[in-house]
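What follows is a short report on a single structure.
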Amino acid sequence: MADTNTRPPLYIRIHAADNVAIVANDGGLKAGATFADGLVLVDNVPQGHKVALADLSEGDAIVRYNVVIGYAQKALPRGSWVHERVMRMPTAPELDGLPIATVKPPALSPLEGYTFEGYRNADGSVGSRNILAITQTVQCVAGVTEFAVQRIKAELLPKFPNVDDVVALEHSYGCGVAIDAPDAIIPIRTLRNISLNPNFGGEVMVVSLGCEKLQPERLLPPGTIPITDQRGEGAASSAAEALDVVCLQDDAHVGFMSMIDSVMRQAEVHLARLNARRRETVPASELVVGVQCGGSDAFSGVTANPAVGFATDLLVRAGATVMFSETTEVRDGIDQLTSRASSPEVAEAMIREMAWYDAYLQKGRVDRSANTTPGNKKGGLSNIVEKAMGSIVKSGSAPISGVLSPGEKVRQKGLIYAATPASDFICGTLQLAAGINLHIFTTGRGTPYGLAEVPVIKVATRSDLARRWHDLMDVNAGRIADGDATIEDVGWELFRLMLDVASGKKKTWAEQWKLHNALVLFNPAPVT
C-alpha cells in the first residue's frame, strides 16, 4: 500500500458535474500544493475538506454528488478551501410533487447458496446470538437489575455454556411521563419490540417496580408474545398469565437480597431453556441487518457507505432484510428515495415520515441543520445536505419495499426504510426494536459504539483511522480511497464477514471488548 503521507497531492471528485472535490491526503495539504491536473491550492486544506475546482462567484451553486450542497457567500477562486463558513445551505426540498416510484431498476439477480449458522426461533425468526435479556418497565429498577445481572454472569452463566450473555434492557422511561399522550406509543412499542428481538430466543423476563406508569401488562399485553407454550408449562395459557414478572414492591420481598434472589431464580429458568438451543444452518435470507453511520466525515460517502451500499444489494439479492434509517440524514435526498419506492404506497409512507419529523423539529424550534456535529465539520462535511448525500448511499440501489415508523417491528424482506432520529444511540435502539440480528456501523471520525444485544460490525472510512484504531474497527474501507481495493471488493468482504459474525465464528471488536452503549428510547411525548 502506498504511503499516504508521501503520495503526490490527490483529490476525489464524485461526479463529473461537481465543482468541488475533497483532499485525499492524510494530514491535508498546504497552500501551493499542485495536483496532477495543474490545480494549485490557494489555502491550506485539511484532509476530507473541499477544494474549489473552478472560480466561484458570490451566490454560485456549490455542487458535490451532482447535487447543490450550498451557495458561495463570497467569491472563491479556483483552489480555495470550501467549508461551512463560506457556504449558505439550501432550503429543504418540498414534500409535494416528488417523483413517485419512477425508477424501475433492472431486477437484481438472486444470490443463492449463502448460509450462516443461526438460532431458529419458534416464531420463525433467527438469532445470531443466544442471549437472556431482562426487560425493565422503569428506570427505578435499573440498579437492582444490574446488581442481579452481575451475579447471574458470575454464578449462573458458567453453568449454561450455550448462552452467550445476559443483558439488562435498561432505559430511562416508564414513569414521570405523559403515558397516555398519542406519541407515547413510540417508546412503549420500542421497548416491547426490543424485548422480542430474535437474539433473545423468545424468552421474556421482566423486572418491575410496581407503582410505575408503564405496568408490565401495558408493556406486554396478552397476545404480544407470539409463543406462549414455553412459558405456560405447555398449556395454551394467555401471554398475560405466562408473563414472567419480578415485582420489587411485592410483599414477599423482605430486604434487597430477597429481590436479587427472585431475579436470579427466574433467570435460571430462562437460561436452562436457552442453553438447550443449538445453531443450525439457515439461508442468508434470515439476516436482518441495520445499517447506520456515526461520526461521519467527507470520506463516508466515498468509501465506507458505498461499500455498505454494495453489501446491501448483495443482502437484498440473497433475500435478506436490510434497514437504513436516520431521517434528517436522508431528508435532503427524499426525491431519490420516493423515486426508488417499489410502489406509490411506499413512497407516500416515506413522505409521511419526513413530514412528521419536520413538524417534530419545528416544535423544538430547530431544523435539520441542527444535525451536523463539530466532528462532522472537522471531517469535511459542511452541512446536512452534503452529509445526507453520503448517508443515502448505504441503501444501495435496490427498490425500497417497505417503511417502518419509529419502534415498529419489521415483517417483510427486502430494503426497508426504518424512520428514526439520526442520533446513534436512538437509531440503534429503534433498529433493535425493528428486529435486527446484526448491525453495521460506519465511521470516519471514530467511535467505540457498540450494542450489547446484537453484534456491531464497524467500518472505518479512512485508512488512518483504521490504523490508529486497529482493535476497534472491523473493516477498513479507506483502502478504496488509497487505491488498494474497490467498492465491490470491500462490499464482498463485508458481506462474508456478516455471515461469519452471524454464525458466531468471529466476534466483532466491540464484542471482544464488551463495549456497548445504553438503550435510548425516542420519546417525543411530554414528560410530566
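The values are calculated or read from the model by the stated rules, or taken from the named source; none is laboratory data. These figures come from a predicted structure and were not determined experimentally. Reconstructed Cβ throughout: ideal geometry from the backbone, glycine too, with neighbour counts over all protein chains shown. With ligands, DNA and RNA removed, areas are computed over all heavy atoms of the protein, side chains included. Shrake-Rupley method; radii C 1.70, N 1.55, O 1.52, S 1.80 Å.
Below is a table of values for the structure above.
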{"read-out": "Matching residues, region 357-377, being hydroxyl-bearing (Ser, Thr, Tyr), within 24 Å of residue 66 (Cβ to Cβ) and surrounded by fewer than 21 Cβ atoms within 10 Å (Cβ to Cβ)", "value": "369"}
{"read-out": "Close pairs from region 509-528: first within 12 Å of residue 424 (Cα to Cα) and among the polar types (S, T, N, Q), partner open to solvent by 50 Å² or more (accessible area, probe 1.4 Å) and assigned to a loop (DSSP other than H, G, I, E, B), Cβ under 9 Å, at least 6 apart", "value": "517/448"}
{"read-out": "Residue among 431, 412 that is part of a helix (DSSP H, G or I) and under 24 Å from residue 123 (Cα atoms)", "value": "431"}
{"read-out": "So residue 405, is it open to solvent by 10 Å² or more (accessible area, probe 1.4 Å) and in contact with a helix residue (DSSP H, G or I) (Cβ under 9 Å, 6 or more places away or on another chain)", "value": "yes"}
{"read-out": "Qualifying position, being under 29 Å from residue 27 (Cβ atoms), at pLDDT 95 or above, open to solvent by 10 Å² or more (accessible area, probe 1.4 Å) and of a type in the set (Val, Ile, Thr), among 447, 443, 461", "value": "447"}
{"read-out": "Residue check for residue 496: in a helix (DSSP H, G or I) and without any contact (Cβ under 8 Å) to a residue 12 or more places away in the chain", "value": "yes"}
{"read-out": "Some residue of region 378-396 being touching a Gly at 6+ places or on another chain (Cβ under 6 Å), under 29 Å from residue 469 (Cβ atoms), basic (Lys, Arg) and crowded, with 19+ Cβ neighbours inside 10 Å", "value": "yes"}
{"read-out": "Within region 202-215, tally of residues that are open to solvent by less than 10 Å² (accessible area, probe 1.4 Å), under 26 Å from residue 277 (Cβ atoms) and of a type outside the set (Asp, Glu)", "value": "4"}
{"read-out": "Within region 325-355, considering residues that are open to solvent by 10 Å² or more (accessible area, probe 1.4 Å) and within 18 Å of the chain's Cα centre (by Cα), the one nearest to residue 409 (Cα to Cα)", "value": "353"}
{"read-out": "Any pair with Cβ under 7 angstrom, 6 or more apart, that starts in region 410-423 at a residue that is in the same structural domain as residue 325 (by the TED database) and ends at one that is charged (D, E, K, R)", "value": "419/353; 420/326; 422/326; 422/329"}
